[in-house]
Amino acid sequence: MSWAGQIVRKIAPVYAAKRERAKLEILHSEAKQKILNQGYGDHGASRTKKALKSWVPWAGDADEDIHENIEVLRARTRDMYIGGPIANGALKAMRTNVIGTGLKLKPTIDAKKIGLTEKQARELKRQIKDEFNYWAESRYCDATGIHNFYELQQLAFLSWLQSGDCFALLPLIPERHSIYDLRIKIVEADRCSSPLIKELSNGNTIKYGVETNANGRVVAYHFSDRHPGSSSVTPNKWTRVESVGQRSGRRNVLHLMESERPDQLRGVPILAPVIEALKQLSRYTEAELMAAVISGMFTVFIETPEEDEQDGFGLATEEPAWDNPTGEPIPSSSNELKLGVGAVQFLAPGEKANIANPGRPNQAFDGFVTSVLRQIGSSLEIPYELLIKHFTSSYSASRAALLEAWKMFRMRRAWTSADFCQPIYEEWFVDAVVKGRINAPGIFNDPLLFRAYTQAEWHGPSQGLLNPVQEVEAAAKKVEQGFSTREREAAEMNGSDFEENAAQLAHEESILQGSRPSEGGEKKNEQAGTKVLGDDEEQSDE
C-alpha cells in the first residue's frame with residue numbers, strides 16, 4: 001500500500017475500506033470482461049454490445065418454457081385458425097397434402113418369415129385388405145359413430161396442428177350390427193389435464209395430465225369428463241387411462257405430438273413461432289381494407305345555421321329547421337357521424353367537416369405482405385407460392401418449391417402413419433384374429449411373427465405432376481434402372497395400386513381381344529363364305 005493510502009487508512013478507515021473494495025471490483029470486472037470477450041462471448045453471447053446488451057433470455061426447462069405457456073398458445077392458434085385466412089390456409093394445406101382423402105392401407109406381410117408361398121401371401125394380403133376396408137370405411141370404427149377411419153385421420157391431424165397434440169383412445173365396444181369391437185375416440189388436447197391430486201402413492205408423478213414413473217416413462221394419461229372451457233358448473237371428474245394395458249399389452253392411448261425438447265410431455269401448436277407475425281399482419285390487412293373502403297365512399301356534409309328556417313337544400317319548410325329532408329334523424333353533437341355510399345350527413349351549427357383522404361390503395365401493401373408471408377412460410381416449411389396458392393414463377397422454381405414442401409409433407413405423413421394409422425391397424429388385426437376373421441397362428445407368442453403379419457405401408461395423395469410427360473418418363477427410367485419399383489411409382493404418382501392396375505389392364509385387354517376377331521379367323525370365314533356361295537350358285541344353276 002502506498003504512503004498516501006496508509007495516511008487515508010489512519011484518518012478515514014471507512015473511506016479507505018470503500019476505496020479498496022472499489023479497486024477489487026474494478027479488477028474483478030476487468031477479469032470477467034476479459035473472459036466474456038473470448039469466443040462466443042464477443043459475438044452471439046456478448047453482454048456488452050449495444051445490440052445484445054438488453055437481450056437477456058432466461059433458459060428454463062421444458063416445463064417453464066413450453067408447458068406453462070401451452071394454454072395461451074392453443075387459444076391464440078385456434079383464434080387465428082378461425083379468423084385468419086393465412087393461418088387457416090396454412091393448416092388446411094398441410095392437412096390436404098399430408099392426409100387428403102385418407103392414408104390407405106397396403107399390407108406387406110413377410111411371407112418368408114411366416115412360411116407362406118407367394119400365392120398364399122397374395123391371397124392373405126387381399127383378405128386382410130378387404131376385411132380392414134370393411135371396418136375402416138364404416139362408421140362403426142368411430143366411437144361417436146360419425147366418421148370413418150379416413151375422416152378420423154384428418155380430424156386427428158388437424159387437431160394435432162392446432163393444439164400441439166391430440167389423443168386417440170382405443171376402447172373395445174361391442175355393437176349389434178358391427179363385426180369388430182375396436183373403436184377410435186379422438187380426444188382434444190385440453191381434456192388431458194392433471195387432477196387435483198398430483199402425487200400418487202406408487203411414486204408416480206402427474207404433470208399436465210401425463211403420469212410418469214420414477215424412470216420418466218409415461219404410464220398413463222388423465223382425462224377430464226369435459227373441456228375445461230365448458231360453461232358447466234359441475235366439478236370435473238378425471239379418468240385414468242393406462243398407456244399400455246398391464247395385463248393385455250394393448251395400446252389404450254395414442255398420443256400425437258411433435259417433440260422439440262428432451263423431457264417434453266406435451267406438444268406445441270405449429271403456429272406458435274409465427275403467432276405474433278400472423279396477428280400483426282391480420283391487423284395491418286384489416287386496417288388497409290378499412291382505409292380502402294373509406295376511400296371508396298362519398299359523403300356530403302351540410303352545415304345549417306341555427307337561424308335559417310330553410311331546410312338543408314334551401315327549401316322553406318314549416319317544420320323545425322333541424323328535420324332531415326332524407327328522413328334520417330339529424331345527429332346531435334353527442335351522436336356519431338358515419339360515412340356511407342352517397343350518404344348525406346347534417347351537422348349542427350358551428351360544426352365543420354374535415355375530410356381526411358386515406359390515399360388508398362397503398363402501393364407498398366403487396367410488397368410488404370409478401371415479405372412477411374415469405375418469413376411465415378419459411379417457419380412453417382411451406383413455400384410462399386404454396387402458402388398463398390399463387391404460382392407466378394417459372395416451371396423450375398415452382399417445381400423446386402413443391403419438392404421442398406413435399407419433404408415436410410412426407411415427413412409428417414410418416415409420423416402420422418407410425419403414430420396413428422399403424423398402431424390402430426395392429427389393434428384391429430388382433431381383433432380380427434380373435435374373432436376368427438383372419439388366420440394368423442402364433443402372433444400372440446412371437447413378437448417377430450406378429451410384426452411379420454402386420455407390416456404395412458400407408459399411401460396418401462400424390463404430389464401431382466407439373467409436367468406429366470417428363471415425370472412419367474423419369475419414373476419409367478427409375479424402374480428400368482432398378483432405382484425404384486412399379487409399385488412405389490404407382491403409389492407416389494397417383495396413389496394407385498400396381499397389382500390392381502395390372503389386373504385391370506389384363507381384364508381390359510381380354511375384353512378388347514374378345515371383341516376383335518383374329519386374322520386367321522377372318523381368312524377362314526372368307527374362304528368358307530366363298531365355298532358356300534359356289535355351292536349355292538351350282539345348286540341354283542341346276
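The values are calculated or read from the model by the stated rules, or taken from the named source; none is laboratory data. Note that the coordinates shown come from a computational prediction; the quantities given were computed from them, not determined experimentally. Note that each Cβ is placed from the backbone with ideal geometry, even for glycine, and that neighbours are counted across all protein chains shown. Heavy atoms of the whole protein, side chains included, go into the accessibility calculation; ligands, DNA and RNA do not. Shrake-Rupley method; radii C 1.70, N 1.55, O 1.52, S 1.80 Å.
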Set Lys23/Lys49; Lys50/Lys207; Lys104/Lys185; Lys119/Lys478; Lys92/Lys407; Lys23/Lys53 screened for pairs whose C-alpha atoms are more than 29 Å apart: Lys50/Lys207
Accessible surface of region 156-294, 1.4 Å probe, proportion on carbon and sulfur as whole %: 52 percent
Fully extended contour minus Cα-Cα distance, from Val72 to Tyr395, at 0.36 nm per residue: 112.1 nm
Asn215 paired with Val372, simple spin-label distance in nm, labels 7 Å along Cα-to-beta-carbon: 5.0 nm
Simple spin-label estimate for Ser515 and Leu289 in nanometres, 7 Å along Cα-Cβ: 5.4 nm
For peptides 184-195, 247-258, 388-399, sequence by mean Cβ density within 10 Å, most packed first: 184-195, 247-258, 388-399
Compactness relative to 2.2 N^0.38 Å, alpha carbon Rg of region 61-136: 1.92
Ordering of 71-78, 376-383 by burial proxy (mean other Cβ atoms within 10 Å per residue, highest first): 376-383, 71-78
Check: region 167-282 dipole with +1 on Lys, Arg Cβ and -1 on Asp, Glu Cβ, in debye: 300 debye
Label-point separation, Glu480 to Lys435 (7 Å along Cα→Cβ), nm: 4.8 nm
Region 348-473, accessible surface, carbon-and-sulfur percent (1.4 angstrom probe): 53 percent
R0 of 51 Å, Cβ-Cβ distance Trp58-Val344: FRET efficiency to nearest 0.05: 0.30
Alpha-carbon centroid distance for the pair region 230-300 / region 360-376, whole angstrom: 26 Å
